[in-house]
Amino acid sequence: MPALTIKNILSKPRTNKMIWLPLLMLIIFSFNLTAQTTGKLAGRITDESGEPLVGANVVIVGATHQGAATDLDGYYSILNLRAGIYTVRFGYIGYQSKLIENIKLNSDQTTRINVQLQIMVIEGEEVTITAERPLVEFNQTSSVSSISKEEINLLPVQDLNQIVNLQAGVIDGHFRGGRIGEVQYQVDGVTVNNPFNNSSTLLLDKSVLQEVQVISGTFDAKYGQAMSGVVNAVLRTGSDKFEFSGEVYGGDYLPFDNQRYPNNKDFNPITLHNFQLTLSGPTYLPQTTFLLSGRRYYGNGWLYGERRFVPTDSNDLDNKIFYPSGDNESVPMSTTREWSGQFKITNTSISNVQLSYQAILNRIVNKYYNFGLRLNPDGVKPNNTNSLTHGIDVTQTISNEMFYKVSLRQNFFDYKSYMYESVFDPRYLDAGEFKSESNYEDGAIVQGVDLGRYLQKTNSFVAKSDFTWQLNRNNLIELGLEGQLAEISFGSPGFITTTNIAGTRVLVAKDKPEKIEDPKLETYHPKQFAAYFQDRIEMGDLVVRAGLRLEYYDANAFIPDDLQNPANSISGSPNSELKKTTVKIALAPRLGFSFPLTDRASIYFAYGHFYQMPGLADLYSNSNYLILKDLQDGGISYGTMGNPDLKPQLTVQYEVGLKQALSALIGYELTFFYKDIRDLLGSEFISTYAAADYPRLTNVDFGSVYGITIALTQRAFGPLSTTLDYTMQFARGNSSDPYETANRAASGKDSRPRDISFGWDQRHTINATATWIAPGDYSISTIVRYGSGMPYTPAKGTGFNADLETNSGSKTGFVLVDLRAEKSFSLSLLDMSAFLRITNLLNTHFVNGFIFSETGSPDYSVNPLADRAALANPGRFHEPRKIELGISFRSK
């Protein structure tokens with residue numbers, strides 16, 4: 001067993017062979033499914049008497065090799081149809097053909113079209129029908145929302161996150177009461193999650209979206225590394241016709257409330273602006289299409305400072321004498337600069353094979369508002385994020401009943417947060433650390449720059465392979481393997497510390513650690529693999545989805561084998577040695593069924609086990625137990641230790657629902673859900689042989705969520721269509737945060753487990769949308785959202801033990817209204833539209849944000865003198881009213 005040293009922990013060599021060999025093995029021995037991006041069209045063709053037509057033709061208009069013929073009973077099915085809107089021709093010799101337009105296919109769903117053909121009277125006669133989306137989807141066995149690009153374009157939303165948060169059961173990224181980071185984000189069926197914190201590596205604008213599928217409850221065995229939900233973004237692809245489209249808009253914040261939102265009196269239409277262009281069409285290569293999309297977004301935000309001081313000012317703080325040298329200009333302090341793009345090229349020149357390469361790029365530079373730096377805004381450090389997801393897909397159709405797909409991806413994420421690239425940049429020492437005087441402008445920082453330096457880089461290689469087989473009319477078999485190898489680096493790329501020289505405090509820059517406790521960069525190489533089997537049984541309108549998923553996790557790290565003497569610093573005690581973390585294997589069953597009650601109503605039930613490793617930041621951060629070498633009873637606190645040997649967290653979900661069409665225009669879905677959350681990440685206390693305690697992350701927290709959702713949909717009645725959903729949930733557990741138990745103990749509070757409301761437990765949520773559209777002329781749409789107040793911990797007075805029971809109070813509720821109006825007009829070569837979008841129309845200033853614990857309000861405090869800085873901070877309020885004006889265009 002190796003000795004416990006930093007060298008043994010950090011010096012773990014890796015070679016390119018070790019990274020690529022498992023991926024190559026996975027490709028060789030596996031096949032992959034496209035169900036996450038494609039759907040299935042099925043149904044039956046009969047004559048007027050109901051007798052089956054054997055050998056009738058079903059042809060996808062505009063697709064070269066996609067179609068089917070009916071079997072002896074008149075049934076047909078077509079697999080591997082990408083999500084979108086299709087026109088389908090149904091024909092039989094001697095019978096009148098039918099052309100059905102506007103058939104919408106959703107990802108991972110079966111769309112049923114039954115057709116009755118009449119005997120032909122006039123040769124070549126054909127009937128054209130426009131399909132309507134059914135109000136009741138009988139083939140869904142859980143809560144699934146599929147939003148098409150046409151629906152997205154009509155609503156006042158701009159990016160993927162806004163679309164997701166509009167769905168029933170989703171509240172600010174929390175899916176049905178789960179913690180943040182419990183959702184799997186996918187692009188075209190392949191994960192884009194950063195395993196460091198289980199968040200998406202990409203920000204996706206609506207311009208690249210073909211369809212968004214949001215699963216807020218139980219989900220099939222093909223989805224893993226998620227406990228609360230799945231978001232699958234299906235991106236646009238090129239076509240055989242050259243097309244282009246774009247959008248330009250600008251805007252500003254206009255709250256008409258200068259007290260809460262200072263420096264926002266005037267409307268400047270270029271405070272934020274956006275330019276977006278998409279090109280697609282054929283290339284000069286045989287049967288090859290492309291899509292190229294780019295976006296530039298520039299936003300100054302709504303929070304401003306005054307450049308009264310600059311970082312290098314030298315003030316006499318001891319004598320309260322200040323020497324400001326700034327230009328007193330108003331400076332935006334919450335800026336965003338974003339560049340993003342998508343490129344996809346697809347080739348179908350090989351018979352029954354589709355090859356494609358896709359790349360998605362984000363580059364974001366932003367600054368986070370710091371009220372303390374409002375007079376020295378140049379002291380705020382920028383945050384740079386670069387992310388790239390790219391790879392190839394190979395899809396082969398073996399027969400009408402069988403196909404496979406292989407996907408290879410690289411997900412690269414690079415986040416840097418520091419003022420200057422080099423730790424030795426002389427500007428660090430010229431400006432120095434932050435300095436302020438408590439009686440000057442409520443303690444505003446008047447000199448210095450942010451000396452913090454942080455880097456997080458993830459380089460993941462993902463291989464997916466699935467195989468789809470329509471075994472017979474009733475059974476669709478799905479098999480798959482998935483693997484991910486990652487290199488994760490995080491920490492401080494050099495640091496600036498202080499030392500005393502001749503009694504004077506001096507800053508010193510260092511590019512490498514000299515002591516165990518010094519900040520540093522750490523690198524790890526975790527591994528994740530999975531395999532699944534699933535059978536989708538479809539017997540008419542009865543649908544059963546049964547599957548089993550095997551998960552494999554390897555943190556690939558080391559921990560001390562005796563936690564009571566982790567740093568070998570307690571004399572006379574047994575020595576601790578390093579041991580490798582154990583491989584974690586989990587078996588997750590999934591079951592769901594949907595059963596028709598009548599031709600207009602069905603019930604469904606779903607059950608499943610859902611495993612997810614915590615974000616690897618919680619495994620690896622602060623996991624070097626050698627820093628505990630000086631730990632003593634009642635001594636220094638070193639924070640909560642990480643734990644690379646954590647188990648996957650588990651949520652057991654149950655869901656039962658009823659879907660019914662109340663009329664030809666109105667339908668509803670009623671869902672009851674329950675989640676039993678186990679092995680949730682939390683803190684435990686370890687006692688050493690020297691009677692000292694230290695906190696450590698482990699699988700100790702727990703919780704439960706239960707609730708109900710009601711969703712109503714009104715199909716377009718003339719120009720008007722509406723949706724309404726209501727969610728009531730009860731989300732409870734022993735702590736809202738993995739570090740809460742340790743933090744309570746450090747504050748001298750009772751750290752024993754309790755049953756309390758989670759901090760994000762928004763009891764009542766309502767989302768409503770309404771769209772009034774005159775095709776080709778104009779449209780008006782609105783989103784109205786209501787949310788009840790989330791819990792908070794009230795306090796009586798200030799100081800030690802002033803808090804009442806944790807999360808026993810409720811914040812005030814809120815209403816948000818967004819609006820979009822668009823006017824269309826046509827030119828000789830272009831279809832154009834001018835639009836107006838207003839976000840937060842009512843200028844709601846509080847949405848479950850900061851409050852004073854003594855009053856429950858963000859606006860006033862019981863001690864305004866002591867809280868004067870907080871009362872002056874506009875960052876505590878919700879984003880104000882935003883008005884945007886723009887033009888969109890598309891080729892005819």
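Taking residue 155, is it touching a residue at least 60 places away in the same chain (Cβ under 8 Å) and closer than 22 Å to residue 726 by Cβ?
The answer is yes for residue 155.
Count, please, the residues in the stretch 720-746 that happen to be touching a Ser or Thr at 6+ places or on another chain (Cβ under 6 Å) and within 22 Å of residue 676 (Cα to Cα).
5
Identify, by number, the condition in (1) under 23 Å from residue 593 (Cβ atoms); (2) over 31 Å from the mean Cα position of the chain (by Cα) that residue 514 doesn't meet.
Of everything listed in (1) under 23 Å from residue 593 (Cβ atoms); (2) over 31 Å from the mean Cα position of the chain (by Cα), residue 514 misses just condition (1).
For the stretch 480-507, give me each residue that is assigned to a strand (DSSP E or B), among the polar types (S, T, N, Q) and at pLDDT 90 or above.
Within the stretch 480-507, 484, 489, 497 qualify.
Identify, please: which residue in the stretch 751-784 is farther than 22 Å from residue 711 by Cβ and of a type in the set (Ser, Thr, Tyr) and is, among those, most open to solvent (accessible area, probe 1.4 Å)?
Going through the qualifying residues, I end up with 778.
Any idea which residue in the stretch 719-758 is nearest to residue 777 (Cα to Cα), counting only those that are at pLDDT below 90 and small (Gly, Ala, Ser)?
Within the stretch 719-758, the match that is nearest to residue 777 (Cα to Cα) is 742.
In the stretch 90-101, what residues are open to solvent by 20 Å² or more (accessible area, probe 1.4 Å), assigned to a strand (DSSP E or B) and out of contact with any Asp or Glu (no Cβ under 8 Å at 6 or more places or on another chain)?
101
Is it the case, given these coordinates, that residue 854 is in a strand (DSSP E or B) and of a type in the set (Asp, Glu)?
For residue 854, the condition - in a strand (DSSP E or B) and of a type in the set (Asp, Glu) - is not met.
Output the number of the condition that residue 602 fails; it satisfies all remaining conditions of (1) closer than 30 Å to residue 718 by Cα; (2) modelled with pLDDT under 90; (3) buried (at least 21 other Cβ atoms within 10 Å of the Cβ); (4) of a type in the set (Ser, Thr, Tyr).
Residue 602 satisfies every listed condition except (2).
Condition check: charged (D, E, K, R), closer than 30 Å to residue 467 by Cα, assigned to a strand (DSSP E or B) and open to solvent by less than 60 Å² (accessible area, probe 1.4 Å). Does residue 405 satisfy that?
Spelling it out, residue 405 is indeed charged (D, E, K, R), closer than 30 Å to residue 467 by Cα, assigned to a strand (DSSP E or B) and open to solvent by less than 60 Å² (accessible area, probe 1.4 Å).
Quick check on the stretch 67-86: of everything there that is in contact with a Phe, Trp or Tyr (Cβ under 9 Å, 6 or more places away or on another chain) and of a type in the set (S, T, N, Q), which residue is most open to solvent (accessible area, probe 1.4 Å)?
Filtering first and then ranking leaves 80.
Restricting the search to the stretch 58-91, which residues are over 20 Å from residue 403 (Cα atoms), modelled with pLDDT under 90 and small (Gly, Ala, Ser)?
Of everything in the stretch 58-91, just one residue is over 20 Å from residue 403 (Cα atoms), modelled with pLDDT under 90 and small (Gly, Ala, Ser), namely 62.
If you go through the stretch 40-75 one residue at a time, how many are under 22 Å from residue 351 (Cα atoms), assigned to a strand (DSSP E or B) and under 39 Å from the mean Cα position of the chain (by Cα)?
Residues that pass the stated criteria total 7.
From 238, 229, 246, which residue is open to solvent by less than 10 Å² (accessible area, probe 1.4 Å) and under 25 Å from residue 278 (Cβ atoms)?
Going through 238, 229, 246 in turn, the sole match is 246.
Name, by its number, the condition in (1) surrounded by fewer than 21 Cβ atoms within 10 Å (Cβ to Cβ); (2) within 18 Å of residue 592 (Cα to Cα) that does not hold for residue 693.
Against the list (1) surrounded by fewer than 21 Cβ atoms within 10 Å (Cβ to Cβ); (2) within 18 Å of residue 592 (Cα to Cα), residue 693 comes up short only on (2).
Could you give every pair whose Cβ atoms fall below 8 Å, whose first residue belongs to the stretch 570-585 and is touching a residue at least 12 places away in the same chain (Cβ under 8 Å), and whose second residue is open to solvent by 30 Å² or more (accessible area, probe 1.4 Å) and assigned to a strand (DSSP E or B), counting only separations of at least 6 or pairs across chains?
578/558; 579/558; 580/558; 581/558; 583/552; 584/552; 585/550; 585/552
Do you know which of the residues in the stretch 831-844 that are in contact with a strand residue (DSSP E or B) (Cβ under 9 Å, 6 or more places away or on another chain) and in a loop (DSSP other than H, G, I, E, B) is nearest to residue 808 (Cα to Cα)?
Residue satisfying both the conditions and the ranking: 844.
Going by the conditions given, is residue 686 touching a residue at least 12 places away in the same chain (Cβ under 8 Å), assigned to a strand (DSSP E or B) and under 30 Å from residue 725 (Cα atoms)?
The answer is no for residue 686.
Of 314, 330, 325, which residue is in contact with a Ser or Thr (Cβ under 9 Å, 6 or more places away or on another chain) and over 20 Å from residue 206 (Cα atoms)?
Just one listed residue meets the conditions, 325.
Please go through the stretch 532-576 and give me each residue that is closer than 13 Å to residue 625 by Cα, assigned to a loop (DSSP other than H, G, I, E, B) and open to solvent by 10 Å² or more (accessible area, probe 1.4 Å), ordered by number.
If the condition is that a residue be closer than 13 Å to residue 625 by Cα, assigned to a loop (DSSP other than H, G, I, E, B) and open to solvent by 10 Å² or more (accessible area, probe 1.4 Å), then 561, 562, 563, 564, 567, 568, 569 are the ones that fit.
Please specify each residue of the stretch 785-803 satisfying the condition of being at pLDDT 85 or above and open to solvent by 60 Å² or more (accessible area, probe 1.4 Å).
Of everything in the stretch 785-803, those that are at pLDDT 85 or above and open to solvent by 60 Å² or more (accessible area, probe 1.4 Å) turn out to be 785, 786.
Six or more apart or on different chains, Cβ atoms under 9 Å: show the pairs whose first residue is in the stretch 803-822 and within 14 Å of residue 852 (Cα to Cα) and whose second is open to solvent by 30 Å² or more (accessible area, probe 1.4 Å) and assigned to a strand (DSSP E or B).
Correct list of pairs: 807/792; 809/792; 810/792; 811/792.
Please enumerate the residues belonging to the stretch 508-531 that are farther than 30 Å from residue 222 by Cα, part of a strand (DSSP E or B) and of a type outside the set (Val, Ile, Thr).
Scanning the stretch 508-531 gives 509, 510, 521, 522.
Out of the residues in the stretch 373-396 meeting the condition of being open to solvent by 30 Å² or more (accessible area, probe 1.4 Å) and within 21 Å of the chain's Cα centre (by Cα), tell me which one is nearest to residue 432 (Cα to Cα).
384
For the stretch 321-372, give me every one of the strands (runs of 3 or more DSSP E) that falls completely inside it and has 2 or more residues that are more than 30 Å from residue 439 (Cβ to Cβ).
Strands (runs of 3 or more DSSP E) meeting the threshold: 336-347, 353-366.
Just give me the residues in the stretch 412-443 being in a loop (DSSP other than H, G, I, E, B), within 17 Å of residue 310 (Cβ to Cβ), touching a residue at least 24 places away in the same chain (Cβ under 8 Å) and of a type in the set (Phe, Trp, Tyr), in sequence order.
Those that are in a loop (DSSP other than H, G, I, E, B), within 17 Å of residue 310 (Cβ to Cβ), touching a residue at least 24 places away in the same chain (Cβ under 8 Å) and of a type in the set (Phe, Trp, Tyr): 434, 440.
Among the residues of the stretch 725-750, which ones are buried (at least 17 other Cβ atoms within 10 Å of the Cβ), under 23 Å from the mean Cα position of the chain (by Cα) and aliphatic (A, V, I, L, M)?
731
Out of the residues in the stretch 825-847 meeting the condition of being hydroxyl-bearing (Ser, Thr, Tyr) and surrounded by 17 or more Cβ atoms within 10 Å (Cβ to Cβ), tell me which one is nearest to residue 779 (Cα to Cα).
Filtering the stretch 825-847 for residues that are hydroxyl-bearing (Ser, Thr, Tyr) and surrounded by 17 or more Cβ atoms within 10 Å (Cβ to Cβ), the one nearest to residue 779 (Cα to Cα) comes out as 833.
Being in a strand (DSSP E or B), farther than 26 Å from residue 193 by Cα, modelled with pLDDT of 90 or more and open to solvent by less than 10 Å² (accessible area, probe 1.4 Å), is that true of even one residue in the stretch 579-589?
no
The values are calculated or read from the model by the stated rules, or taken from the named source; none is laboratory data. Please read all numbers here as calculations on a predicted model, not as lab measurements. A quick note on method: Cβ atoms are made from the backbone with ideal geometry, for glycine too, and the neighbour counts reach across all protein chains shown. The protein model used for the area step is the full one, side chains on, heavy atoms only, and it has no ligands, DNA or RNA in it. Shrake-Rupley method; radii C 1.70, N 1.55, O 1.52, S 1.80 Å.
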